[in-house]
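**Q** What follows is a single structure, and I will ask about it in a moment.
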Amino acid sequence: MMEDDFIPVRVSVNGVPHRLFVEPRRTLLDMLREDLELTGTNAGCEHGSCGACTVLLDGQSVRACLLLAVQANGHEVMTVEGLALHGRMHPLQEAFWEKQGLQCGFCTPGMLMTAYELLQQNPDPGEEEIRSALSGNLCRCTGYQHIVEAIRLAAQRLREEAEAATPSGTTA
Amino acid sequence: MKPARFRYFAPHTITEAAQLLDEQGDEARLLAGGQSLLPLLNLRLARPSALIDLNEIQALAFIHPRNGGLVLGALTRDATLERDPLVAARQPLLAEAAHYVGHLAIRHRSTLGGSLAHADPAAELPAVMLALDAAFTLQSSTGSRTVAAAAFFKGPFQTALQHGEILTEVHLPGLPPRSGSAFLEFARREGDYALAGVAAVICLAEDGTIAQARLALCSVAPTPLQAIAAETVLRGRHPDNAAWQAAAEAVVDELKEPPADIHGSAEYRRHLAGVLTRRALARAAQRAERSHS
Amino acid sequence: MTTTVSERAWIGKDLKRREDPALLMGTVTYINDFKIAGMLHAAVLRSPYAHARIRAIDTSAARALPGVQAVLTGKEAAEVIGPVPAFCAEPVVEHAIAVEKVRYAGEAVVAVAAESRAIAEDALDLVEIDWEPLPAVTDALSAMQPGAPLVHENLGTNVVYDHVFTFGDVDGDFAQADHVIRRRLRWPRATAAPLEPNGAVCAYDPARDTMEIWSNTNMLNSASWVMSSMLKIPPHKLNFYPMYTGGSFGSKHFLAKVIGIAGALTKVTGRPVKFMEDRLDNLMANDSQGPERIYDAELAVTKDGQFLSLRLRTIDDYGAYFIFAITGNTNMMAQITGPYTIRSVETGIKAVLTNKNQQTVFRGAGSDVGNWVLERLVDAAAEQLGIDRVEIRRRNFIQPDQFPYKIPTGNVYDSGNYPGVLNLALEHFDLDAWRQEQARARQEGRYLGIGLATAQQRSTYSSTEFWFHNPAPATGLNSTPESVRISVGPTGGVTVTMFSPFWGNSPETVAAQVVAEELGIDPRDVNVTYDSTAHALPSAGPGGSRMTVMLAGAVHGAAARLKEKIFKIAAHMLEASVSDLELVGGQVRVKGVPSSSVSLADIGMRAYWFKLDLPPELESGLEGTFTYDHPYTTKPHDDRKDLGVFYPIMGHAAHLVAVEVDIETGAVLFKKYVAVHDVGTVLNPRSLQGQIRGGIAQGIGLALLEEVRYGPDGQNLTSTFVDYLLPSASDVPAIEVYHQETPSPFTAYGVKGGGEGGRMVAPPAVTSAIEDALRPFGVSIDEMPITPEKIVRWVKEAQSRRQGQSN
C-alpha cells in the first residue's frame, strides 16, 4: 500500500478537530470506528438498510456506511459519543434509560441520533410521526414501543427546559 | 463488506468533472448522493476504477423558478425536494414522491440527478419525471444537449447518457390551472422499494371534464412507464370512479411483463398498478378541484 | 394466588437497568469494538454454489498480496482444527471451512487473515477455484425422493432422522372422537438476524499452547470444553471472555465456525485474529435458521368441543448440517398439548437435509411452531363445530387446581391459571365492542378481524432435551447449572460475579436486584461483573428462557451462604446469638435493639484483616458462591414413553388482536393488540414488558414479513436486509401488556422465564385475526408469512370460487 493512496481529511467530530489520512475506499463508518476509535457507532449491515450507523453530518442524519470518509472532509460529524455533556447523559439518553428504550443496545446509538434530529425539527412529535421517523432504524429487541415512549418523554422534558429558559414576561 | 480500491476525485466545477470523466475512462463512475452506489461498492457488486464525486460542485445544487415551472440542479437532495416551498408550490408531486425515497437519513444525501442517472425501474423520481414531462440537460466536455424524460430511460439501469456526459439540470414545465397531482406507492415496509408506484397528474377543463391526464408508474416495467393508453382513456371524461376504473383497466392491460422478485410477482404488481392508479387519480382529481375552488 | 410482593423491597420493582448507561453512551465494548495489539482481520470466501465439489483451489495470488498473512483452504485448516462440535448422534460432519465439497450457497471455502479487513477481502478476489457443480436439493419434499442428490453421501439418504413418538392411547382417543380436525400447515424458514453479527478474536500462544478467545458466544462455559476438540487445545488451556452481545435470540449459542476460523488463523499466523461476520456472512451462513416445517396435523374432538388427542406428522427442512440434532422438534414436546387437557399425543418427525444453511434454534426453538399449529387446529375446531373461539378454549383449559399437571409427554407444568389470564385479556380488549365495530365495518366494505391465541411459554430448559430423541438408555447430559459469586469487600462493598454474558437481557440488573433484596441494601450500590471461563463456576448460559430463573436462584443461594458467615461474624462482634440477629438496610442488628448493630463495612473489615478477632473456625474473606441446579428435572424413561420433566417452569399468555385488512392491496393494519402474560412472580415489570413487546414484534415479523428464501438453484435470495425483512417501527403497533402472577412452586421467589413468550404467542394470534377478517371469503390460513400478495390472491381465489358456485 503506497502512502499516496491516502487522502488527507480534516473533520470535526463531536466538536473535536481531527486531521488524518484515509484510503478513498474507507467509509465514514470505518473512519469513525477504526481510525478515531469512536466505536459507539455500530456496523449493523454496511449496506444502508439497518440505520445502526446513523450519525449527523452538519446536523443532518446520514448513514455512516453510505458515505466515504473523504466526503466528510471539511464537515462536522456528531456521533453518540457527542450526546452526553461532561459525562452527563443527554435528556434523550436519560429517557431511553427510564423507559428501557433498549435491550442489547446495538441499534441504540443510531436510534438516538435519529431521535435527536427529529426533536430538533419537531419538538412535539406524535406517535405516528415518531414511528415514521424511526422506520429506517431497525431494532430486533424492543418492538419499538419503549423507544417511542422514551422519545415522547424526552421531547416533553426538552420542551419544558426550553420554556423554563425563556425569559418570563415575553408572553402577555 | 469493504469496497475494492478506486481512485477518488472531487472536482469543484462541472467542466472539471467532465474532463475527469474523459480522462479516467470507461471504468470511472460519477458519485452523487451515493445512496445506491455505496451499497454496491461495499458489496463489491460495483468496482469502478475511479469515482468522480460531484458533491463539491456548488453549481449543481439549486432550485430556480422558470416559465411557471422549475429548473433543478442535479445535486438537489431528496430531503430538499420534500421541503422546498417553491417545489411544494409549483410541483407538489415531486415533493410528495421524494418523501417515499428511503428514509430521511438517505434523503439527506440522495439526489434528484443521481436517481435519474441510476435509472432503477423501482425508483420514484424517474416516474415522476415522465408524469411531469421533464427534460434533462446532459453535459460533456464537448457541449451539452437536452433530452426529454420520455427518451431518457432505456432499460433497467440504462439511460440515454453516453460515457462522458453528466446529467446536470432537470427542467419541469409548469402545470395549467385546475391541476392536481398525487403520488402513491405500495411497499412491503415504509421506505422500501415500491412493488408498484403511480404518479398522476390531472388537469381539468373549464367544464370540469379532464382536459389532460398524465400517468406514470414505477416498479412495474423494465423502465419507468408512462401509461399512454390510460391517459387517452381519461381525456374528456368526467372525473369519477368509472373514469378511474377505466384508466386502471387500461394500465393493467398495458403492463406486459412486470418484473418479479421475492417481494412481489408480476401478477401482483400488475394488480397493484390498477388499484393504485384508481386511488392516485381520484386523489389527483380531488386536488385539482380543490385548487380551483 | 397472589405473592407477598408488598413485603419485598426490590423484587417486582421497575428498576432502571444498570446495563444501560454504557450502552446509551456508546462506551460498551462489543466484539467488533475489541482490539488487541498485533491483531489481524479475517474475511471468508463463500461458495457461489449450493452444492458443488471443490476440485482445486489456487490461492497463490492471494498469498502474494501485500498485507496478507495467511490464506487457508478447508483442507489446510483441517490440519490445525477439527470439525465443528456437533450434538447429533448421526455422522453429519461440518467443518468451519468446507473440505472437498460445499453443501449450501454461502458455505465458507477459503479464509484469509490480513492487516485489514479490506485487504483480506482484496485477497479473496484473487482466489481461483475449480468447481464441479452438483445438483442441489432445496426443499424437503424433493430431498426425500429416491434418487435425490445426497447432501451427505455417507448417510445414504437425506432423511437424517425419522421417528414417531406416541404418548398415551392416541388410536383409542381418535376412535372415540366425534370430529377430527385436519389441517396441512406450513411454517416458514426465518432467522434470528440480531443487529450484531457473530464475531471472535482468538489469540494463540504457541509457547504455552493456550488460546484466549473473546467472542459473543452465549454459552461460554459449555463452549470451552465443547470447542476443545475443534481447536485441538485442552479445555483448561482455553480461556473464553464474556463480551456484551448485540442480540442473539438463540443464534449465538456456540459460534463454533466463527471461533474455528479465527482459531485456525491465529494458530498458523501466531498473531491474534479477529473474524467478524458482516451481514452477508451472517444471513448466508449463521447456522441458526429457524424451522421450516410441513405439518399434517389432526385434533380429535368430541361433539361438545372437548379435545381428546393430537396427532402430528412433520417434515422439517434442517438444511445442510445437523449440529443440534432435532432440538427444534423435541423442544415443543415440553408443551405440545398447550394449555389444554389433551390426554394423548403422537408426533412423527422426519428431519430432512437440504442444500441450505442449517437450522438450529431461534427464539421459541420450535415451541413457537407447536403453539401456532395447535392454535390453528383450535380455531379450525371452533369454526367446524360452530363454537365460539373463546368458549372452546375455556372448555379445554387445564384448571388452576390441577397443578402440578403432567402432560402426555411426561413434562410437568408447575402452576398456572389459564382462565384468569384469558379473563384479564378479554377485560382489557373489550371483545364485544370490537365485534360490533367489525360488523359495522363490514357494512362499509371494510374488513376487520379479531384474533385470539391462548398458549404456553415454557422456560428453564434441562439438557436432557438435547438427546432424549435418541432411542437408547438415558445416559446423556442432565445438568444445566448457573453459578454466581457474591463477595463483600473489606469496606462493605458488594460485588456479584457472573459467568454468563449479557446478551440483550438484564442479568446485571437481576443479580443486583436479588442481592439487594437478600442483603437489605440498595441495588445501585451493588457492583456486578463477569468473569472468564478460566475462573468460572458451572454455568450453562442464557437460552431457553432460563437466565432470570437461574440467576435468581443462584444469587439467592449465594446470598444465603454469604449471610451465614455475615451473621457468624456479627454475632461474634455483637456478642449475641445468630438466631437473635437480623439484616436490615446493610446493618446486622439484634432484633428489637436497633442501637446494637454492625454494618457490612465493619463486618467486611473484620473478615478480611482481623483474623484474630474472628470466630476461630472462620477463614479470612467474605464471599458466598452458589451453583444453582435446575430446580426440577428428571430423566426420560428408557422406552421414551415418558420423556421426564425437562421444561417444567411453564408460563402462559393470551393475546387478543384486532386488524384491518385492505383486501385490494393486501395491507394489514393493527387496530389493537392486548397481551396478558403469566410468568410467575415478576422481577422487573418494565424489563419483562420489553421482552414481551420485542418478542411480539418478532412474531409479527414472522407472521407478516420474514422468510429466508432460496432460489431453485439453492441461491440464498435473502442475504441482505433489503430482502430479509425485519419489522420496523411502522410495522409494529403499540401493544398493551398486562401481567397475571401465578408463582412457580419450584423457583426462587416463584419467578418463571419470560424471554420467548411474545414470539411464541403472536404468530397464532395474528394469523387468527387475519383469517377472521377474511372470513366473509371463507379463506383459511395455513401458512406464513401472510404477505399482502397472498392475501390478495386468497381473496381473488375465494371470489372466483364463489362465482363458479353461483353460475
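The values are calculated or read from the model by the stated rules, or taken from the named source; none is laboratory data. Just so it is clear, the model here is predicted, and its values are computed rather than measured. Using ideal geometry, Cβ is built from the backbone for each residue, glycine included, and neighbour counts are taken over all protein chains shown.
**Q** Determine which single condition B:His163 fails, assuming it passes every other condition in (1) outside the structural domain of B:Leu86 (by the TED database); (2) touching a residue at least 60 places away in the same chain (Cβ under 8 Å); (3) assigned to a loop (DSSP other than H, G, I, E, B).
**A** Exception for B:His163: condition (1).
**Q** Related question: Take C:Trp372 and decide whether it is part of a helix (DSSP H, G or I), within 28 Å of the chain's Cα centre (by Cα) and aromatic (Phe, Trp, Tyr).
**A** Considered against the rule, which asks whether it is part of a helix (DSSP H, G or I), within 28 Å of the chain's Cα centre (by Cα) and aromatic (Phe, Trp, Tyr), C:Trp372 comes out as yes.
**Q** What number of residues in region B:221-253 are within 18 Å of B:Ala194 (Cβ to Cβ), of a type outside the set (Gly, Ala, Ser) and surrounded by 18 or more Cβ atoms within 10 Å (Cβ to Cβ)?
**A** Final tally of qualifying residues: 6.
**Q** Moving on. Counting only residues that are more than 13 Å from every other protein chain (Cβ to nearest Cβ) and among the β-branched types (Val, Ile, Thr), which one in region C:657-677 is surrounded by the most Cβ atoms within 10 Å (Cβ to Cβ)?
**A** The residue in question is C:Val657.
**Q** Anything in region C:653-698 that is in contact (Cβ under 8 Å) with a residue 12 or more places away in the chain and out of contact with any strand residue (DSSP E or B) (no Cβ under 8 Å at 6 or more places or on another chain)? List them, or say none.
**A** Answer for region C:653-698, where residues must be in contact (Cβ under 8 Å) with a residue 12 or more places away in the chain and out of contact with any strand residue (DSSP E or B) (no Cβ under 8 Å at 6 or more places or on another chain): C:Glu664, C:Gly666, C:Asn684, C:Arg686, C:Ser687, C:Gln691, C:Gly694, C:Gly695, C:Ala697, C:Gln698.
**Q** Checking the structure you have, find out if any residue of region C:681-688 is within 9 Å of chain A (Cβ to nearest Cβ) and surrounded by fewer than 21 Cβ atoms within 10 Å (Cβ to Cβ).
**A** yes
**Q** Do we have any residue at all in region C:161-173 that's away from chain B (no Cβ under 14 Å) and assigned to a loop (DSSP other than H, G, I, E, B)?
**A** The answer is yes, given that some residue of region C:161-173 is away from chain B (no Cβ under 14 Å) and assigned to a loop (DSSP other than H, G, I, E, B).
**Q** Separate question: From the list C:Thr625, C:Thr633, which one is of a type in the set (Val, Ile, Thr), more than 14 Å from chain B (Cβ to nearest Cβ) and touching a Phe, Trp or Tyr at 6+ places or on another chain (Cβ under 8 Å)?
**A** C:Thr633
**Q** When you go through C:Lys635, C:Lys565 one by one, which is the residue that is in a helix (DSSP H, G or I) and closer than 30 Å to C:Val751 by Cα?
**A** C:Lys565
**Q** Kindly indicate whether C:Leu124 is surrounded by 14 or more Cβ atoms within 10 Å (Cβ to Cβ), within 14 Å of another protein chain (Cβ to nearest Cβ), closer than 28 Å to C:Thr354 by Cβ and at pLDDT 95 or above.
**A** The answer is yes for C:Leu124.
**Q** Same structure, new question: Hey, does region C:233-242 have a residue that's assigned to a helix (DSSP H, G or I) and within 23 Å of C:Arg117 (Cβ to Cβ)?
**A** No, the conditions are met nowhere in region C:233-242.
**Q** Please tell me if B:Glu257 is modelled with pLDDT under 95 and surrounded by fewer than 19 Cβ atoms within 10 Å (Cβ to Cβ).
**A** Yes: the conditions hold for B:Glu257.
**Q** Can B:Ala243 be described as modelled with pLDDT of 95 or more and either closer than 24 Å to B:Leu94 by Cβ or touching a Ser or Thr at 6+ places or on another chain (Cβ under 8 Å) (or both)?
**A** No, not satisfied.
**Q** Mind listing whichever residues of region C:87-130 are within 13 Å of C:His41 (Cα to Cα) and acidic (Asp, Glu)?
**A** C:Glu115, C:Glu121, C:Asp122
**Q** With out of contact with any Asp or Glu (no Cβ under 6 Å at 6 or more places or on another chain) and in the same structural domain as B:Gly113 (by the TED database) as the only criterion, which of B:Ala79, B:Ala28, B:Ala17 stands out?
**A** One residue alone meets the criteria, B:Ala79.
**Q** With region C:426-537 as the region, which strands (runs of 3 or more DSSP E) entirely inside it contain at least 1 residues that are more than 28 Å from C:Arg394 (Cβ to Cβ) and more than 14 Å from chain A (Cβ to nearest Cβ)?
**A** C:482-488, C:494-498, C:526-530
**Q** Restricting to region B:82-100, count the residues that are in contact (Cβ under 8 Å) with a residue 40 or more places away in the chain and crowded, with 23+ Cβ neighbours inside 10 Å.
**A** 5
Table: residues versus (1) free of Cβ contacts under 8 Å to residues at least 60 places away in the same chain; (2) β-branched (Val, Ile, Thr); (3) under 30 Å from A:Thr114 (Cβ atoms).
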site	(1), (2), (3)
C:Val722	yes, yes, yes
C:Ala729	yes, no, yes
C:Ala762	no, no, yes
C:Thr767	no, yes, no
C:Lys790	no, no, no
C:Arg793	yes, no, no
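**Q** Moving on. Those residues that are free of Cβ contacts under 8 Å to residues at least 60 places away in the same chain and within 14 Å of chain A (Cβ to nearest Cβ), I need them from region B:102-123; list them, please.
**A** Correct list: B:Leu104, B:Ala105, B:Arg107, B:His108.
**Q** Consider region A:21-43. How many of its residues are under 19 Å from B:Arg44 (Cβ atoms) and at the interface with chain C (Cβ under 7 Å from one of its Cβ atoms)?
**A** The total comes to 2.
**Q** Just to be sure before I move on: is C:Tyr405 surrounded by 24 or more Cβ atoms within 10 Å (Cβ to Cβ) and closer than 18 Å to C:Gln335 by Cβ in the structure I sent?
**A** Spelling it out, it is not the case that C:Tyr405 is surrounded by 24 or more Cβ atoms within 10 Å (Cβ to Cβ) and closer than 18 Å to C:Gln335 by Cβ.
**Q** Could you please find all residues in region A:116-156 being of a type in the set (Val, Ile, Thr), more than 14 Å from C:Ser730 (Cβ to Cβ) and within 18 Å of the chain's Cα centre (by Cα)?
**A** Of everything in region A:116-156, just one residue is of a type in the set (Val, Ile, Thr), more than 14 Å from C:Ser730 (Cβ to Cβ) and within 18 Å of the chain's Cα centre (by Cα), namely A:Ile151.
**Q** Between a residue in region A:135-164 that is within 14 Å of chain B (Cβ to nearest Cβ) and in a loop (DSSP other than H, G, I, E, B) and any residue that is at pLDDT 95 or above and surrounded by fewer than 23 Cβ atoms within 10 Å (Cβ to Cβ), which pairs come within a Cβ distance under 6 Å, given they are 6 or more apart or on different chains?
**A** A:Ser135/B:Glu190; A:Ser135/B:Gly191; A:Ser135/C:Ser730; A:Gly136/B:Gly191; A:Leu138/C:Leu726
**Q** Turning to a different aspect of this structure: Going by what's in this entry, would B:Leu40 be described as of a type in the set (A, V, I, L, M, F, W, C), closer than 26 Å to C:Arg46 by Cβ and assigned to a helix (DSSP H, G or I)?
**A** Answer is yes for this residue.
Conditions tested, residue by residue: (1) over 22 Å from C:Ala552 (Cα atoms); (2) in contact with a Gly (Cβ under 7 Å, 6 or more places away or on another chain).
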| residue | (1), (2) |
| --- | --- |
| C:Tyr418 | yes, no |
| C:Leu422 | yes, no |
| C:Ala425 | yes, no |
| C:Trp434 | yes, no |
| C:Tyr447 | yes, no |
| C:Ala455 | yes, yes |
| C:Asn470 | yes, no |
| C:Thr480 | no, no |
| C:Ser487 | no, no |
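**Q** Test of understanding: among C:Ala554, C:Ala536, C:Ala540, which residue is among the small types (Gly, Ala, Ser) and either at pLDDT 95 or above or out of contact with any helix residue (DSSP H, G or I) (no Cβ under 9 Å at 6 or more places or on another chain) (or both)?
**A** Unique residue meeting the criteria: C:Ala554.
**Q** Can you tell me which residue is surrounded by the most Cβ atoms within 10 Å (Cβ to Cβ) among those in region B:188-220 that are within 18 Å of B:Ala266 (Cα to Cα) and out of contact with any helix residue (DSSP H, G or I) (no Cβ under 8 Å at 6 or more places or on another chain)?
**A** The extreme case among them is B:Tyr193.
**Q** Among the numbered criteria (1) more than 19 Å from C:Glu153 (Cβ to Cβ); (2) part of a loop (DSSP other than H, G, I, E, B); (3) of a type outside the set (Asp, Glu), which one does C:Ala113 miss?
**A** The single condition C:Ala113 does not satisfy is (2).
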